[in-house]
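Engineer: Below are the structure tokens for one structure; questions will follow.
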Amino acid sequence: RIAQGYLEMSAVQPTNEMVALLETSRLLEANINMLQTQDQMLAGLFNRVLKTA
């Protein structure tokens, strides 16, 4: 309920949201690095297979 003449508090905690954003950003970066490593490994594998064929 909203009372006239009173300040309404936010349901969002900015500090908690910033921490969550940083954690998500780090997880995304780790996933990108993992995908790049996997891509390099597959490229090396394909090159070896093509050289022996």
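Engineer: Tally time: how many residues in the stretch 1-21 are surrounded by 10 or more Cβ atoms within 10 Å (Cβ to Cβ) and modelled with pLDDT under 95?
Structural biologist: Residues flagged as surrounded by 10 or more Cβ atoms within 10 Å (Cβ to Cβ) and modelled with pLDDT under 95 within the stretch 1-21 amount to 1.
Engineer: Within the stretch 9-24, can you find the residues that are outside any helix (DSSP H, G or I) and aliphatic (A, V, I, L, M)?
Structural biologist: Step one: list which residues in the stretch 9-24 are outside any helix (DSSP H, G or I), which gives 9-13.
Scanning the stretch 9-24 gives M9, A11, V12.
Engineer: In the stretch 32-53, what count of residues is obtained for those that are over 33 Å from the mean Cα position of the chain (by Cα) and either in contact (Cβ under 8 Å) with a residue 12 or more places away in the chain or surrounded by 10 or more Cβ atoms within 10 Å (Cβ to Cβ) (or both)? If you could, list the steps in order and put the result at the bottom.
Structural biologist: Step one: filter the stretch 32-53 for residues over 33 Å from the mean Cα position of the chain (by Cα), giving 49-53.
Keeping just the survivors that are either in contact (Cβ under 8 Å) with a residue 12 or more places away in the chain or surrounded by 10 or more Cβ atoms within 10 Å (Cβ to Cβ) (or both) gives none.
Number of matching residues: 0.
The values are calculated or read from the model by the stated rules, or taken from the named source; none is laboratory data. All values reported here derive from a predicted model rather than from experimental measurement. We place every Cβ from the backbone using ideal geometry, glycine too, and count neighbours over all the protein chains shown.
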